[in-house]
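Since the structure comes first, as structure tokens, the remarks are kept for the end.
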Amino acid sequence: MYYWIINIGLVFFLCMFFAWILIPNILLIAFRKKLFDLPDERKIHHGMIPRLGGLAFNPAIFFSISLLLGLDFILGEPDILKQEGSNVPELLFGFCASTILYLVGIADDLIGVRYRTKFIIQILCGVILIAGGVWINNLYGICGIYGLSEWVGYPLTILVIVFVINSINLIDGIDGLASGLSGAALLFYGLIYIYFEQWLFAMLAFAALGALIPFFYYNVFGNVNHGKKIFMGDTGSLTIGIILCILSIKILNQPVDITASFNPAVLAFAPLIIPCFDVMRVFISRIRMKKHPFMPDKSHIHHKLLAAGICQRAAMIIIISVSLIFTLYNIILSQYVDVSLLLIINIILWMLGNMWLAFKIKRHELKLSIVETDNNLKKQSIYKL
């Protein structure tokens, strides 16, 4: 156990170190080649900001993991690795799927990729994960459903993978939000896999977390005027999205004796409630308003917080805090409440939260209109004088 804890710590710091080296060099290349995410009416940032921060993720994560596992063999620790033998194919197929999405993300950030093409490739990556043995074979009581056959589990797995990947991609709307939510989820998954003694997946979670920390610093605290700010782009969101899919779905494949204390479905999906619920709400809202469901707009949860007069930094902190609260209370309640009832409670709380937010937006808009009216009256009185 202690040997693996050391490995997990090393992979975390190695990834953080490599990402901290890569990101400044990515910024340098982006400015020399003028590879910027230009502002428009939908985006809320200002200035020339590169969106290639996600380029650092895949190399840092998989180089660090491969290096440490290779050193384990060289240093004569193959027996320890044999204990994780059943997990190796799943991890390797996960690397393949992540690399495909990483390359698609680069293409999308540089020249653009049609959403239909991205959907097809995401489905392909879902098939790759299933081929490696990562698929949903049990819902552990959600809607009264437990064990699933391959005929049901395989399509459901692909649907969940596509949904989660796009949820992470679409929540990436303000500084630090996608990386903060993903970082919190990765920390949670890493600790869960340490508890399960699934060491390779714990390494994957902490490796991805290590890569996100330097990016979070540059994304949130970087100065635009000094050329130190960067976005993760689709390269980063797709890469982190597929890693979160692997980590969440793998929890559903754990033996019953390991997960006896907690409902695995809650452990798997509680950290992803906020991005997934938000995308589902936006998708339904667009269909109701007869808009294209896949066309971007400003109706996501972070846009609504900004419309309520909350600044970007505060909005990011609020959403991440709510996500942590959702995660913790779902895990605690899952020991006493049926998982289907817990899902209904989550939906009701989410709806109430959005209703409260809509009320705050109307109040803020009313306040702005009153201020604007007062300013206009003052201008008119000045002109009369």
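For the reader, a short list of remarks on this structure follows.
- Screening the candidates L204, L200 for the property of being modelled with pLDDT of 95 or more and among the aliphatic types (A, V, I, L, M) yields one hit, L204.
- Flag if L91 is part of a helix (DSSP H, G or I) and more than 30 Å from L35 (Cβ to Cβ): yes
- Helices (runs of 4 or more DSSP H) fully within region 112-206 counting 3 or more residues that are more than 26 Å from I274 (Cβ to Cβ): 115-132, 150-170
- Residue within region 323-334 that is at pLDDT 90 or above, surrounded by fewer than 17 Cβ atoms within 10 Å (Cβ to Cβ) and over 19 Å from the mean Cα position of the chain (by Cα) present: yes
- Tallying residues that are of a type in the set (V, I, T) and surrounded by 15 or more Cβ atoms within 10 Å (Cβ to Cβ) within region 277-291 yields 2.
- Within region 123-139, restricting attention to residues that are touching an Asp or Glu at 6+ places or on another chain (Cβ under 6 Å) and within 20 Å of L238 (Cα to Cα), the residue that is surrounded by the fewest Cβ atoms within 10 Å (Cβ to Cβ) is G132.
- Of all residues assigned to region 223-235, at least one qualifies as being crowded, with 19+ Cβ neighbours inside 10 Å and either closer than 17 Å to G94 by Cα or modelled with pLDDT of 95 or more (or both).
- Looking at I61, I49, I23, I8, just one residue is among the aliphatic types (A, V, I, L, M), buried (at least 19 other Cβ atoms within 10 Å of the Cβ), modelled with pLDDT under 90 and out of contact with any Leu (no Cβ under 7 Å at 6 or more places or on another chain), and that residue is I49.
- Condition broken by H364, with the remaining ones in (1) modelled with pLDDT of 90 or more; (2) of a type outside the set (K, R); (3) within 27 Å of G176 (Cα to Cα); (4) surrounded by 12 or more Cβ atoms within 10 Å (Cβ to Cβ) satisfied: (1)
- Number of positions in region 140-154 that are touching a residue at least 40 places away in the same chain (Cβ under 8 Å) and surrounded by 13 or more Cβ atoms within 10 Å (Cβ to Cβ): 3
- Filtered by the rule that a residue be crowded, with 16+ Cβ neighbours inside 10 Å, of a type outside the set (A, V, I, L, M, F, W, C) and part of a helix (DSSP H, G or I), region 292-317 gives H302, H303, K304, Q312.
The values are calculated or read from the model by the stated rules, or taken from the named source; none is laboratory data. In this text, all values refer to a predicted model and were calculated from it rather than measured experimentally. Cβ sites come from the backbone with ideal geometry, for glycine too, and all protein chains shown count toward neighbours.
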